[in-house]
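**Q** Before anything else, here's the structure in question.
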Amino acid sequence: MSDTQADVTGVDAVVETAAVDAASGEETAGEVAAPVELTAEQQAFVDDIEEAMRDVVDPELGINVVDLGLVYGISVDESEETVAIVDMTLTSAACPLTDVIEEQARGALVKSGLVDDLKLNWVWLPPWGPDKITEDGREQLRALGFTV
């Protein structure tokens with residue numbers, strides 16, 4: 001299983017992006033890879049990573065990043081060690097809580113033993129909008145008194 005990619009948000013085409021590598025802080029230009037056909041085993045592993053990312057909660061809203069629609073893509077590189085590569089965004093590019101979210105993601109994926117390492121790509125295109133929130137996320141927000 002090398003460089004497996006799954007689409008977790010409905011983005012099913014190659015999208016030009018400007019991203020910031022969370023580890024180096026360097027801006028990178030690239031593409032979010034188009035989804036590829038995965039074996040059942042590969043898909044189950046990506047699903048496990050997505051489920052673990054539900055433990056990562058936006059500190060301001062109290063809703064997990066998957067249901068908020070902040071996770072744009074998940075891929076796995078197993079060329080040397082198992083590295084989860086998560087393309088995600090924030091509700092605002094000016095969000096000061098990227099470190100908090102990255103630490104939660106590292107805990108959910110690396111410290112739990114699910115993967116050996118995590119590469120978080122902060123992706124700003126397409127911009128996040130309320131249309132990306134899942135139905136579960138909308139229900140959670142309604143329970144908190146938000147109108148969505």
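Read the figures in this text as sums done on the coordinates, not as results from a lab. Small disclaimer: the values here were computed from a predicted structure and weren't measured. Ideal geometry is used to build each Cβ from the backbone, glycine not excepted, and the neighbour counts take in all protein chains shown.
**Q** In the stretch 69-148, if every C-alpha pair distance is counted and binned at 10 Å from zero, what percent goes to each bin?
**A** Histogram of Cα-Cα distances, whole percents per bin: 17, 40, 34, 8, 1.
**Q** Could you sort the peptides 135-143, 60-68, 46-54, 84-92 by per-residue average Cβ neighbour count (10 Å cutoff), highest mean leading?
**A** Put in order of decreasing packing, that is 84-92, 60-68, 46-54, 135-143.
**Q** Turning to a different aspect of this structure: Between residue 119 and residues 5 or more places away or on another chain, which pairs have amide H atoms under 5 Å apart, with H built 1.01 Å from N, and which residues are they?
**A** 84, 85, 86
**Q** A follow-up question, please. Just grab the label-to-label distance for residue 97 and residue 47, each label 7 Å out from Cα along the Cβ direction, in nm (one decimal).
**A** 3.0
**Q** Also, I was wondering about something else. Using the alpha carbon gyration tensor of the stretch 62-114, what are the three equivalent-ellipsoid semi-axes (square root of 5 times each eigenvalue), largest first, in whole Å?
**A** 21, 13, 10
**Q** Roughly speaking, what is the stretch gain from residue 144 to residue 124, that is 0.36 nm per residue apart minus the C-alpha to C-alpha distance, in nm to one decimal?
**A** 4.5 nm
**Q** So, one more: Quick one: which residues, 5 or more positions from residue 72 or on another chain, have an amide H under 5 Å from its amide H? H modelled 1.01 Å from N in the peptide plane, none for Pro or chain starts.
**A** Counting only residues 5 or more places away or on other chains, the set is 87, 88, 89.
**Q** While we're looking at this one, here's another question. Kirkwood Rh and Cα-based Rg: tell me the resulting Rg over Rh for the stretch 28-129, rounded to two decimals.
**A** Radius of gyration over Kirkwood radius for the stretch 28-129 works out to 0.94.
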